Amino acid sequence: MRRLLIAGNWKMNMKLDSAKALAQGLKDAAADVSEVDIAVCPPSVYVQPICEILKGSNIGVGAQNAYFEKAGAYTGEIEMAMLTDVGCQYVILGHSERRHILGESSEFINLKVRAALAAGLCPIVCIGELLKEREAGVTSDVNRRQLDGSFSGVSADEMKKCVIAYEPVWAIGTGKVATPEQAQEVHADVRAWLTDRYGADVADVVRIQYGGSVKGGNAKEILSKPDVDGALVGGASLKVDAFMEIINNVR
């Protein structure tokens, strides 16, 4: 049985005092949650103080990005080992905003995935199609191409340590949400890709999250689908009550 993973992607939001207050509020509100896994992913400059607040709690911490090279002359970048050094357990890689705004290819993301695994981090690897790609009927082709590139060279044992997040680009921050049936269809296709590539044993344990305007009101129906194993939450993760509503509705 795969445990649900509810992860909050704070993106480029908040000042430090607000971020610390949010982390403390979630720590208090979620103290009795044992049925699902929870994580928050603050901006990189806030990772260490948030890790300190959440240390020893039932909430993990992830970064929103990192670089694949080890320590060296890479001005402005963050090494994977730096994240584990301050207490991170997760790192989001391949988010659509990095793919489509910052031009990251699946091959580039793959370097990061392999570096994250080598450092002992759990990569949350995002995939998803544009609206024009869905309308053209090539959703599966797009997602499988992203999966092939992002996980190239990743072994079966390594794959078990990864999380996949399906985020239809047309549903991120737009208020539009894939129907539960649409989400399940894509998640089942991702599970089939895992089975084809790694076998049923791996496919049965890898968690596949849904992301895209997830809120308390729609989380339960979407996450009740058999191949949907959690949510990668954007805007609704920035307030304690909104994030806890999602968590409590799927416990």
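The values are calculated or read from the model by the stated rules, or taken from the named source; none is laboratory data. Keep in mind it's a predicted model, so treat the numbers as computed, not measured. Don't worry about glycine lacking a Cβ; one is built from the backbone with ideal geometry, like all the others, and counts go over all protein chains shown.
Of the set (1) within 30 Å of Asp148 (Cα to Cα); (2) free of Cβ contacts under 8 Å to residues at least 60 places away in the same chain, all apply to Pro49 but (1). Scanning the stretch 198-220 for residues that are more than 12 Å from Phe243 (Cα to Cα) and part of a helix (DSSP H, G or I) yields Tyr198, Ala200, Asp201, Val202, Ala203, Asn218, Lys220.
Looking only at residues in the stretch 199-240 that are more than 14 Å from the chain's Cα centre (by Cα) and among the polar types (S, T, N, Q), the one that is farthest from Ile164 (Cα to Cα) is Asn218.
Which one of the conditions (1) in contact (Cβ under 8 Å) with a residue 60 or more places away in the chain; (2) out of contact with any Phe, Trp or Tyr (no Cβ under 8 Å at 6 or more places or on another chain) does Ile124 fail to meet, given that it meets all the rest? It is condition (2) that Ile124 fails. Among the residues making up the stretch 46-80, those that are polar (S, T, N, Q) and more than 16 Å from Leu121 (Cβ to Cβ) are Ser57, Asn58, Thr75. Picking from residues in the stretch 3-54 that are out of contact with any strand residue (DSSP E or B) (no Cβ under 7 Å at 6 or more places or on another chain) and under 26 Å from Lys160 (Cβ atoms), the one that is surrounded by the most Cβ atoms within 10 Å (Cβ to Cβ) is Val33.
Cβ-Cβ below 9 Å, separation at least six or inter-chain, first residue in the stretch 11-22 and touching a residue at least 12 places away in the same chain (Cβ under 8 Å), second of a type in the set (D, E, K, R): which pairs? If the second residue must be of a type in the set (D, E, K, R), the pairs left are Lys11/Glu97; Leu22/Lys239.
Among the candidates Thr174, Thr179, the residue that is modelled with pLDDT under 95, surrounded by fewer than 21 Cβ atoms within 10 Å (Cβ to Cβ) and closer than 16 Å to Val228 by Cα is uniquely Thr179.
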